[in-house]
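S.K.: Here it is: the structure, laid out below.
Rule-based calculations on the coordinates, nothing more; no lab input. Keep in mind it's a predicted model, so treat the numbers as computed, not measured. No Cβ is skipped: glycine too gets one built from the backbone with ideal geometry, and neighbour counts run over all protein chains shown.
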Amino acid sequence: MNETMLALRKLRPESGFVPQEVPIPQIGPNDVLIRVEKAGVCGTDQHIYTWDAWAQHRIKPPLTIGHEFMGTVAKVGAAVRSLREGDRVSAEGHIADGTCFLCRTGEAHICERVEIIGVDRDGSFAEYIAMPEYNVWKLDPSIPDEFAAIFDPLGNAVHTVMAAGVSTKSVAITGVGSIGLMAIPVARAAGASSVFAIDINPAKLELAARLGADETFLANDPNLVDAIKRRTNGDGVDVLLEMSGSGSAIDAGLRMVRNGGRAALLGIPSNDVQINLAERIIFKGLTVLGINGRKMFETWYQTQALVKSGRVDLRPIITHVLPFKEFDRAFDLMKRGDAAKIVLDLKGDLAK
Ligand SMILES: [Zn+2]
Ligand SMILES: [Zn+2]
């Protein structure tokens, strides 16, 4: 094995990433070294690439970026029992401490001492990544590489849909970026009676329709809330899945949920959001859920089952598979809104 590998790094507090030869990570007795084959590009990576206020506050360069990936086990630590060299795997990128109250009561995804790969420690835009055995997910052989590479964001969509509970329910999704788009087939597979998709980008709405949304709406339509109410007996939808993080979308979303309905919030606002709590939540008797990450590992079992069933087809969402070396192009496509999900290919000479 070579001593060094290529990694995509944030070296200084400024925009862009730099490809750099770095040592292959060492592994401890409970760790697994994974040869990364495909890696998903995420909005989080885009924040780090452009070096926005969130990134400046959170990221401590130098750091290898990337958290969505799949690959093959290259080496296992002496104490590893559940995995062996050659296994096809993905991994949960939130590394929890495993010992706190939350971790010990089935809530490791919101562990206060969680470390996220590609954010708090070296990530997956590299030829190899070291992961604790506990975080590694062995893939069912029926799952294509491209889908496996984006189990992390798909898991976000699955977690949101399952937490909200959509069976037989009418569902509105505000914001159909890649996770909002994934939530459409997931909600359908989970038994939603109708799915309405809302976004500012008409191209994303077209994709939403292809993925099974019953109807799509432009977010800036002044009659949006009335239109949704007309389609739901005048009551409003049973469930809101908020995937945009936009203050105005959150407000519109809460207005379009029926009294007694449920709202699951996944989109992350970049600033404080002002909401009329009395009108939007309290008088309506809404149940509001904050969603973070994926339940370890309930969400992973659900995600794999849904993909394996063939009822969650991600092909329309993966708009680009690019060679690793073309990472700058990936971030340019993301910036221009011309891509839903981009997957980087690192197989063979970095898949040039
Ligand atoms: Zn991501
Ligand atoms: Zn913990």
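S.K.: Pull up the cross-link candidates among the lysines for LYS60, meaning alpha carbon to alpha carbon under 19 Å and not fewer than 8 places away within one chain.
M.R.: Cross-link targets: LYS10.
S.K.: Given the chain, what percent of its DSSP beta bridges are antiparallel, to the nearest 5?
M.R.: The antiparallel fraction comes to roughly 55 percent.
S.K.: Which of LEU181, LEU277, LEU63 ends up with the largest GNM mean-square fluctuation for the chain, with Cα atoms connected below 10 Å?
M.R.: LEU277
S.K.: On to the next question. Assuming R0 = 25 Å, can you tell me the calculated FRET efficiency for the pair ASP140 and THR319, based on Cβ-Cβ distance, to the nearest 0.05?
M.R.: So the FRET efficiency works out to roughly 0.55.
S.K.: Further question on the same structure: Would you list, by chain and number, the lysines whose Cα falls below 29 Å from the Cα of LYS229, excluding same-chain residues fewer than 8 positions away?
M.R.: LYS169, LYS204, LYS284
S.K.: To make sure I understand the rule: partners must be lysines, Cα under 20 Å from the Cα of LYS295, and not fewer than 8 residues away in the same chain. Which ones qualify?
M.R.: Straight-distance partners of LYS295: LYS138, LYS308.
S.K.: Express the relative contact order of segment 293-352 as a whole percentage, based on alpha carbon pairs under 8 Å and six or more residues apart in sequence.
M.R.: About 34 percent, as a whole number.
S.K.: With +1 assigned to the C-beta of every Lys and Arg and -1 to the C-beta of every Asp and Glu, and no other charges, what is the dipole magnitude of the chain about the Cα centre in debye, to the nearest 20?
M.R.: For this selection, approximately 560 debye.
S.K.: So who's got an amide H within less than 5 Å of the one on LEU289, skipping anything under 5 residues away but keeping other chains? H placed 1.01 Å off N, in plane.
M.R.: Hits under the 5 Å cutoff: ALA263, ALA264, LEU265.
S.K.: Right, next: When the Karplus curve 6.51 cos²θ - 1.76 cosθ + 1.60 is applied with θ = phi - 60°, which whole-Hz ³J(HN,Hα) does each residue of segment 200-210 get, with x for Gly and Pro?
M.R.: 8, 9, x, 5, 5, 5, 4, 4, 4, 5, 4
S.K.: Next question. What list of ³J(HN,Hα) couplings, whole Hz, do you get for segment 155-165 from phi and the Karplus terms 6.51, -1.76, 1.60, once you set θ to phi - 60° and write x for glycine and proline?
M.R.: 3J(HN,Hα) across segment 155-165, in whole Hz: x, 4, 5, 5, 4, 5, 5, 5, 5, 6, x.
S.K.: A further question on this structure: How large is the charge dipole for segment 163-290, taken about the Cα centre, if only the Cβ atoms of Lys, Arg (+1) and Asp, Glu (-1) carry charge, to the nearest 20 debye?
M.R.: Here the size comes out at about 300 debye.
S.K.: Distance between the C-alpha centers of segment 1-43 and segment 150-166? Whole Å please.
M.R.: Measuring centre to centre over Cα atoms gives 27 Å.
S.K.: Against the longest principal axis of the chain, how steep is helix 178-189, in degrees 0 to 90 to the nearest 10, with axes from Cα atoms?
M.R.: The two axes meet at around 70 degrees.
S.K.: Remind me, relative contact order of segment 163-290 in percent, using alpha carbon pairs under 8 angstrom and six or more residues apart?
M.R.: Worked out over segment 163-290, it gives 24 percent.
S.K.: Let me ask you something else. Sorting GLU3, GLU85 on the 10 Å Cβ count, fewest up front, what's the list?
M.R.: Ascending number of Cβ neighbours within 10 Å: GLU3, GLU85.
S.K.: Oh, and also: So who's got an amide H within less than 5 Å of the one on PHE217, skipping anything under 5 residues away but keeping other chains? H placed 1.01 Å off N, in plane.
M.R.: ALA197, ILE198, ASP199
S.K.: For a quick check: with amide H placed at 1.01 Å from N, whose amide H comes under 5 Å from ILE116's, ignoring anything fewer than 5 positions away on the same chain?
M.R.: Under 5 Å from the amide H of ILE116 lie the amide H atoms of ILE95, ARG121, each far enough along the sequence or on another chain.
S.K.: Let me ask something additional. Would you work out the relative contact order for the chain, in percent, from Cα pairs under 8 angstrom that are 6 or more residues apart?
M.R.: Relative CO of the chain lands at 17 percent.
S.K.: Same structure, new question: Output ³J(HN,Hα) for segment 333-339: one whole-Hz value per residue in order, computed from phi by the Karplus curve 6.51 cos²θ - 1.76 cosθ + 1.60 with θ = phi - 60°, and x for Gly and Pro.
M.R.: 4, 5, 4, 7, x, 8, 9
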